[in-house]
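Below: the structure, in structure tokens.
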């Protein structure tokens with residue numbers, strides 16, 4: 001994007017010099033010409049070293065500026081051209097914001113007020129508002145919270161600059177966050193990831209694709225939140241772990257005669273239509289337990305060689321397995337020890353050992 005005023009000011013220069021592009025690697029050596037002042041031009045900036053030159057171009061791009069005059073009085077012409085070539089390559093390829101935002105960067109060498117100067121023009125593939133909207137993080141520590149916020153707000157795109165980036169599996173992160181937050185995230189989106197930059201700092205562009213629209217997902221969330229609120233009211237605040245677990249089990253199981261099936265909106269389908277698979281039961285029950293102050297983990301493994309998900313709950317200081325789909329079949333709430341989990345396979349090292357004896361709770365809360 002070139003400003004008309006800027007192009008008019010440099011028309012005579014353009015007739016003498018073809019533009020330099022970082023992408024074609026071709027450069028033309030010229031005799032400095034006078035760069036006239038114009039209201040449309042950005043204020044001139046003076047630099048005295050390559051480091052300052054590179055920083056100036058980096059800051060120009062970070063601000064989304066389209067044109068600038070850089071005063072370079074102390075540069076020999078041949079060195080200036082080589083420095084511009086190196087600085088531009090750095091900004092457009094190595095610097096994460098430049099690699100993400102810049103479509104092309106051209107320059108023309110001339111003079112302003114008797115001083116050697118470089119007129120720089122940048123065209124962008126992203127707007128100034130896009131650049132200003134980049135979330136900036138010092139390191140990867142807060143990446144998960146940033147992505148969670150984007151999922152909760154049903155954003156379709158999130159751009160994050162991480163100064164000290166650690167390689168991250170964003171697809172798995174999104175799945176884990178959706179699974180851990182069924183009250184707020186109705187649908188786990190497909191995520192595509194583009195990474196820009198070549199140093200420690202990287203810019204991450206995340207694109208989220210949903211099958212449902214934002215308004216539909218928000219309506220689903222409102223309905224699901226009401227059910228979670230009702231579940232919290234159903235639990236006795238001063239009851240034992242056993243009593244609270246049984247109350248939540250009764251609240252969930254008494255809602256429907258459930259149909260076992262998979263849905264892209266697991267919490268909504270389970271709580272509003274009585275349709276869900278083992279993962280839906282486990283994620284909803286785990287979230288309800290957390291709301292009630294109970295420790296409840298989700299376990300992903302297999303049951304009879306089929307992918308399966310269930311819970312591990314803490315009851316009176318002891319851990320037990322809890323598969324709500326099995327409780328549904330048996331007709332009552334029952335916890336199991338590790339020894340009683342025949343047919344189930346999971347990562348034993350990732351979860352606490354469960355029980356010394358199975359406990360069954362058949363009485364009403």
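In table form, for the structure just shown:
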item: Spatial extent of segment 137-214: Rg and Dmax, with the Cα atoms as the point set, Å; result: 12.3, 38
item: Which of 156, 281 has the fewest Cβ neighbours within 10 Å, and the rest in rising order; result: 156, 281
item: Sequence ranges 119-129, 318-328, ranked by mean other-Cβ count within 10 angstrom, highest first; result: 318-328, 119-129
item: Nearest-ten-degree value, helix 77-89 long axis tilted from longest Cα axis of the chain; result: 20 degrees
item: Principal axis dimensions, segment 36-166 - Cα atoms, whole angstrom, descending; result: 56, 31, 19
item: Size of the chain as Cα extents on the principal axes (Å, biggest first); result: 94, 39, 37
item: At R0 = 30 Å, FRET efficiency that the Cβ-Cβ distance of residue 226 and residue 156 yields, to 0.05; result: 0.70
item: Rg over Rh, two decimals, segment 107-161 (C-alpha only, Kirkwood Rh); result: 1.29
item: Tilt relative to the chain, helix 214-234 - C-alpha long axis, 0 to 90 degrees, to 10; result: 40 degrees
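We did not get these values from a lab; they are worked out from the coordinates using the rules stated. This one's a predicted model, so the numbers in the text were calculated from it and none came from an experiment. Please note: Cβ atoms are built from the backbone with ideal geometry, for glycine as well, and neighbour counts cover all protein chains shown.
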